[in-house]
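Participant: The structure is given below, and queries will be raised subsequently.
The values are calculated or read from the model by the stated rules, or taken from the named source; none is laboratory data. Everything quoted here is computed from the prediction, not taken from an experiment. Here the Cβ positions follow ideal geometry from the backbone for every residue, glycine too, while neighbour counts run over all protein chains shown. For the accessible areas, the whole protein counts, side chains as well, though only heavy atoms, and no ligand, DNA or RNA atoms are used. Shrake-Rupley method; radii C 1.70, N 1.55, O 1.52, S 1.80 Å.
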Amino acid sequence: MGLKLKFRWNGHACFDIENQETGKKLIIDPFLEGNPVAKLKKDEVKADVVVVTHGHSDHVGDAPYISIKNKAPLVTMVELAWILGEKNEGLQIHDINFSGSVEVGGIKITAVPALHSSSYDGMYAGNPGGMILDFNGFKVYHAGDTGVFSDMELIGKMYKPDVALLPIGGHYTMSPHEALKAVELINPKMAIPMHYNTFPAIKQDPLLFKSLVEKSTKTKVMIPEIGSEFIIDPKDLN
Ligand SMILES: [Zn+2]
């Protein structure tokens, strides 16, 4: 597999990922406006597809705006898709549910469970999800907001993600100790922590996560800086 992916962490749970072979770009959970640590502005985003894991405002963020501006379909869980579709005229939506997939711009997006909750604008918004993002065989698992759960082992066996993006901030999601268990269950080649140090409630040391994981598993941990781009070559993961 010669395919490389260019990543950028935009703080919190937002990553944009570009397939270096096709130039197609995906952005997930684009909480930019109102995010005290994000450097990227919503008007700077270029995307071919926008993915949202669940309805909370720190995940939907600017997704409808970016989707409409870029004429990029928005992919999310069914009930949230209905709500966003109702509230945003002209929004092109793909609604998926657990184990279901949709392909946009050669990127296959599959919904998997997350142990969390989901609401939008005070309304119940169905189940939250994690997303498997498959770029021609290079697979990234964005876990969304989640606690640790034993079916992460099934997600690992079923989709064999190369890279797992895992929340470590605690309070609303896993902390580094639970996220270590998640890494053991998923067994990705690389794990990248997210959803920490955005607000005081989710203050966390990513180096603790790195040392816990690298001490007891073969998974490498990368800690990106907010706003800086990095390329992952699957050859370097083996
Ligand atoms: Zn969140």
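Participant: Can you go through LEU26, LEU115, LEU3, LEU80 and tell me which one is open to solvent by less than 10 Å² (accessible area, probe 1.4 Å) and free of Cβ contacts under 8 Å to residues at least 60 places away in the same chain?
Facilitator: Every option except LEU80 fails the conditions.
Participant: Starting from the stretch 160-177, keep only residues that are open to solvent by less than 10 Å² (accessible area, probe 1.4 Å), then list their pairs with residues that are in a loop (DSSP other than H, G, I, E, B) and near the ligand (Cβ under 10 Å from one of its atoms) whose Cβ atoms are within a distance under 6 Å, requiring at least 6 positions of separation or different chains.
Facilitator: Listed pairs, sorted by first residue: PRO167/ASP145; PRO167/THR173; PRO167/HIS195; GLY169/HIS195.
Participant: Checking the structure you have, find out if any residue of the stretch 50-57 is modelled with pLDDT of 95 or more, hydrophobic (A, V, I, L, M, F, W, C) and either farther than 26 Å from SER150 by Cα or open to solvent by 50 Å² or more (accessible area, probe 1.4 Å) (or both).
Facilitator: yes
Participant: Tell me whether the stretch 143-153 contains one or more residues that are away from the ligand (no atom under 16 Å from the Cβ), among the small types (Gly, Ala, Ser) and part of a strand (DSSP E or B).
Facilitator: If we filter the stretch 143-153 for residues that are away from the ligand (no atom under 16 Å from the Cβ), which is where we start, we get 149-153.
Add one more test, that the residue is among the small types (Gly, Ala, Ser), and what stays is 150.
Still in the list and also part of a strand (DSSP E or B): none.
Within the stretch 143-153, none of the residues are away from the ligand (no atom under 16 Å from the Cβ), among the small types (Gly, Ala, Ser) and part of a strand (DSSP E or B).
Participant: Considering (1) open to solvent by 10 Å² or more (accessible area, probe 1.4 Å); (2) within 20 Å of GLY90 (Cα to Cα); (3) of a type outside the set (Phe, Trp, Tyr), say which one ALA38 fails and leave the rest.
Facilitator: (2)
Participant: Assess whether THR110 counts as being buried (at least 16 other Cβ atoms within 10 Å of the Cβ), within 19 Å of HIS56 (Cβ to Cβ) and among the polar types (S, T, N, Q).
Facilitator: Against the criterion (buried (at least 16 other Cβ atoms within 10 Å of the Cβ), within 19 Å of HIS56 (Cβ to Cβ) and among the polar types (S, T, N, Q)), THR110 does not qualify.
Participant: Can you find, within the stretch 198-225, the residue that is least open to solvent (accessible area, probe 1.4 Å) among those that are in a loop (DSSP other than H, G, I, E, B) and within 16 Å of the ligand (Cβ to nearest atom)?
Facilitator: THR198
Participant: Find the strands (runs of 3 or more DSSP E) located wholly in the stretch 77-120 whose residues include 3 or more that are aliphatic (A, V, I, L, M), and list them.
Facilitator: Qualifying strands (runs of 3 or more DSSP E): 107-113.
Participant: Here is a further query. Can VAL148 be described as touching an Asp or Glu at 6+ places or on another chain (Cβ under 9 Å) and either among the polar types (S, T, N, Q) or surrounded by fewer than 22 Cβ atoms within 10 Å (Cβ to Cβ) (or both)?
Facilitator: Spelling it out, VAL148 is indeed touching an Asp or Glu at 6+ places or on another chain (Cβ under 9 Å) and either among the polar types (S, T, N, Q) or surrounded by fewer than 22 Cβ atoms within 10 Å (Cβ to Cβ) (or both).
Participant: Would you mention how many residues in the stretch 58-75 are part of a loop (DSSP other than H, G, I, E, B) and either surrounded by fewer than 21 Cβ atoms within 10 Å (Cβ to Cβ) or within 16 Å of the ligand (Cβ to nearest atom) (or both)?
Facilitator: 4
Participant: Only one residue in ASN127, ASN136 is more than 24 Å from LYS203 (Cβ to Cβ) and within 16 Å of the ligand (Cβ to nearest atom), so which one is that?
Facilitator: Just a single option satisfies the conditions, and that option is ASN127.
Participant: Being farther than 14 Å from PRO161 by Cβ, of a type in the set (A, V, I, L, M, F, W, C) and part of a helix (DSSP H, G or I) is the filter; apply it to the stretch 177-197 and report the residue that is farthest from the ligand (Cβ to nearest atom).
Facilitator: Restricting to residues being farther than 14 Å from PRO161 by Cβ, of a type in the set (A, V, I, L, M, F, W, C) and part of a helix (DSSP H, G or I), the top hit is LEU180.
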